[in-house]
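Written out below as structure tokens is the structure these notes cover.
What follows draws every value from the coordinates through simple rules; no lab data is involved. Please read all numbers here as calculations on a predicted model, not as lab measurements. Cβ atoms come from the backbone with ideal geometry, glycine included; neighbour counts cover every protein chain shown.
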Amino acid sequence: MSVAVKFEKIKQQIIETCHRVDRDPEEVKVIGVTKYVSTERAIEALQAGIINLGENRDEGLLHKWEVLKDKPNWHYIGSLQTRKVKNIINIVEYIHSLDRISLAEEINKRAEQKVKCLVQVNVSGEESKHGLSPEDAIVFIESLRKFERISVEGLMTMAPLTDDEDQIRECFRKLRELRDQVQALNLDYAPCTELSMGMSNDYVIAIEEGSTMVRIGTALVGEDG
């Protein structure tokens, strides 16, 4: 199945989901996660109208950047090593994985202009996942005030790997509630309007719980060919 056909099916699913929970489908950005596919597949995604593409390694991003340049909006969605910030900082639209002060310092140092960042929160508490605990997130965001080149656009999380929909929903709900707490602080450097949550297997639940960015790889760009 072509990327274009998959994208149409996903867009229809998003529309139906948003109508069911009284949301505007325009609030939801689809990020095509191209980290496991070729540049050719990424080109196909762009041609299908997917203008937001996500990569989780600097090598993969730079390889595709050489061909696609700034035609898509690039989202860095993986854990970002401080020493690799310089490689990607001025070509990405969003960084979804801000989770420590040392990373914020490097972003602020290397950025040529303000960078849109999402603070990664490990809501599920799984040791295998990166991110701040929900209890530490607000203090961390408040500590970012001094970095003039960082704008905290929102929060990001990954749901636990489980078939228990109630557990997945609770994870997304907790991130939304945390986002609302940050918004209530009225921090000029942290509008915190975005919620990056939901992937191929759980994006419908994420949208029901308020997601504004769904990161879809397998169900959208899938395997090459």
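Among Arg20, Arg57, Arg100, the largest mean-square fluctuation in a Gaussian network model of the chain, built with springs joining Cα atoms closer than 10 Å, belongs to Arg20. In the stretch 3-216, if the dipole is taken from +1 on Lys/Arg beta carbons and -1 on Asp/Glu beta carbons about the Cα centre, which of Val3, Val85, Val139 is farthest to the positive end? With unit charges placed on the Cβ atoms, the residue in question is Val85. Take every pair of alpha-carbon atoms less than 8 Å apart whose residues are at least six positions apart; their mean separation over the length of the stretch 103-225 yields a relative contact order of 22 percent.
Summary of the geometry: the stretch 156-174 and the stretch 77-155, compared by the centres of their Cα atoms, lie 22 Å apart. Of all lysines in the structure, the ones whose alpha carbon falls short of 25 Å from that of Lys146, not counting any fewer than 8 places away in one chain, are Lys84, Lys86, Lys109, Lys114, Lys116. Converting phi to 3J(HN,Hα) with the Karplus coefficients 6.51, -1.76 and 1.60 and the offset θ = phi - 60°, the stretch 54-63 yields x, 10, 10, 9, 5, 4, x, 5, 5, 4 Hz in sequence order, with x at every glycine or proline. Segment Glu16..Leu187, full-extension length gain: 58.2 nm, with 0.36 nm per residue of separation and the alpha-carbon distance subtracted. Taking every alpha-carbon pair under 8 Å whose residues sit at least 6 apart, the chain reaches a relative contact order of 21 percent. Relative to the Cα centre, the charge distribution of the chain, modelled as +1 at Lys and Arg Cβ and -1 at Asp and Glu Cβ, gives a dipole magnitude of about 800 debye. Roughly speaking, what is the centre-to-centre gap between the stretch 179-216 and the stretch 1-56 when only Cα atoms are used, to the nearest Å? Distance between centres, Cα-based: 17 Å. Globularity index of the stretch 113-155 is 1.23 (Cα radius of gyration / 2.2 N^0.38 Å, N = number of residues). Rounded to the nearest 500, the helix-only mean residue ellipticity at 222 nm of the chain stands at -12000 deg cm²/dmol, with each DSSP H run of n ≥ 4 adding -39,500 (n - 2.57). Taking a straight line from the alpha carbon of Lys64, these lysines sit under 16 Å away, with near neighbours fewer than eight places off in the same chain left out: Lys35. Each of Gly54, Cys18, Cys171 was scored by the projection of its Cα onto the charge dipole of the chain, and the greatest displacement toward the positive side belongs to Gly54; charges sit on the C-beta of Lys, Arg, Asp and Glu. Here the Gaussian network model covers the chain, with springs between Cα atoms less than 10 Å apart; of Gly131, Gly49, Gly198, Gly49 fluctuates the most. As a proxy for reagent exposure, ranking Leu61, Leu161, Leu144 by other Cβ atoms within 10 Å from fewest up yields Leu161, Leu144, Leu61. Within the listed set Val139, Val152, Val115, the Gaussian network model of the chain (springs between alpha-carbon atoms below 10 Å) gives the highest mean-square fluctuation for Val139. Of the two radii for the stretch 3-216, the radius of gyration is 0.95 times the Kirkwood radius, both from the alpha carbons; that is the Rg over Rh value. Annotation: aspartates and glutamates with alpha-carbon distance below 13 angstrom to Lys69 (same-chain offsets under eight excluded): Glu93.
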